[in-house]
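See below for the structure under consideration.
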């Protein structure tokens, strides 16, 4: 009941929307048609009355305004039309027996009913139709001598037909919209399932191939000192480094497999960040690369996604330096700005000629994508002296806290 009363409020009813099936100005064709009809009714009604009569403008305005209001407030336009009908009839009657509704008033009210029927529930339309009949009955009582035996049934039938047609159009539109929404949902679900199946397939391949070989590397590196007699301390340390690297790679791979499968197995807290920066640098140094680091600004905690991206950018830059410039010193600088984190990784020209054919270019592209995903920038390219430089700026939002 409360909902019905709310829908009978003059401010209720959604405005008439543009015609969705067309583009450009044609989308406003319904609005233009109703406004043109309102102007036509105004002109015809005013022209049928004596010139200079104040009633001419009043009658034309009373019949045109409900149409225009119905475009933005359908129920409000209906109430104006209900009030305007008796008002126009009283002005036109002038003591003579006239129709219960003026012809123009009938057309206006039917158009308003059509607009209302398109924008409100069928139950509300029925109530407004009953209000129309009640207004007609009251008008008959206000106009003695009028024979309403024909007019009231005609108005009753016409208004009912208009509302039924409008309700049918509204129902069809809502059904079409629901079907379209279901089709979109089904398509999105199909795409989601396809993506999940592909990710599951990739995860399975990674597990069966990469994880298997990384496990073998870790096992061989761990058991080599027991299988190879008289192993030098340097070789033993190298094997320890290899094992640690393989174990860390397996940990990252398991986390990646959990993300690919979408099963929640990945632990978000275990995502590498700059908190592991020093350990990563130590591992690279242990592998034989000379790395110097510098930090500018006050080091602070970063949003997890920024820390993870920064870690991966530095990691990939160091890997590229080792691959393409073996033996060359590398410098890594982190610049903590008020709202950005700057990353600078540079290496000198290679100390020896790198092996040809190494690298596919996906590493630099991946770093750019990581930076762009956060709204940052990354540039990478050779220096004039033959070295290579990577520069990235990642927005931090200024919400970080100073690290302990």
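The values are calculated or read from the model by the stated rules, or taken from the named source; none is laboratory data. Computed from a prediction, not measured in an experiment: that's the story for all the values here. As a convention, Cβ positions derive from the backbone with ideal geometry for all residues, glycine included, and neighbour counts pool all protein chains shown.
Some notes on this structure:
- Leading residue by the ranking (modelled with the highest pLDDT) among those in segment 259-269 that are surrounded by fewer than 15 Cβ atoms within 10 Å (Cβ to Cβ) and assigned to a helix (DSSP H, G or I): 268
- Members of segment 270-295 that are loosely packed, with under 14 Cβ neighbours inside 10 Å and within 38 Å of the chain's Cα centre (by Cα): 270, 275
- Residue within segment 221-237 that is more than 24 Å from residue 279 (Cβ to Cβ), in a helix (DSSP H, G or I) and in contact (Cβ under 8 Å) with a residue 12 or more places away in the chain present: no
- Scanning segment 305-329 for residues that are closer than 15 Å to residue 363 by Cβ and touching a strand residue (DSSP E or B) at 6+ places or on another chain (Cβ under 9 Å) yields a count of 11.
- Unique match (being farther than 30 Å from residue 175 by Cβ, out of contact with any helix residue (DSSP H, G or I) (no Cβ under 7 Å at 6 or more places or on another chain), at pLDDT 80 or above and in a helix (DSSP H, G or I)) among 80, 130, 134: 134
- Single residue of segment 280-304 satisfying the filter (assigned to a loop (DSSP other than H, G, I, E, B) and modelled with pLDDT under 85) that is nearest to residue 366 (Cα to Cα): 287
- Residue within segment 163-174 that is surrounded by fewer than 13 Cβ atoms within 10 Å (Cβ to Cβ), over 21 Å from residue 117 (Cβ atoms) and out of contact with any helix residue (DSSP H, G or I) (no Cβ under 9 Å at 6 or more places or on another chain) present: no
- Pairs, first outside any helix (DSSP H, G or I) in segment 305-325, second at pLDDT below 90 and surrounded by fewer than 21 Cβ atoms within 10 Å (Cβ to Cβ), C-beta under 6 Å, six or more apart: 325/350
- Residue within segment 237-255 that is farther than 29 Å from residue 334 by Cβ and at pLDDT 75 or above present: yes
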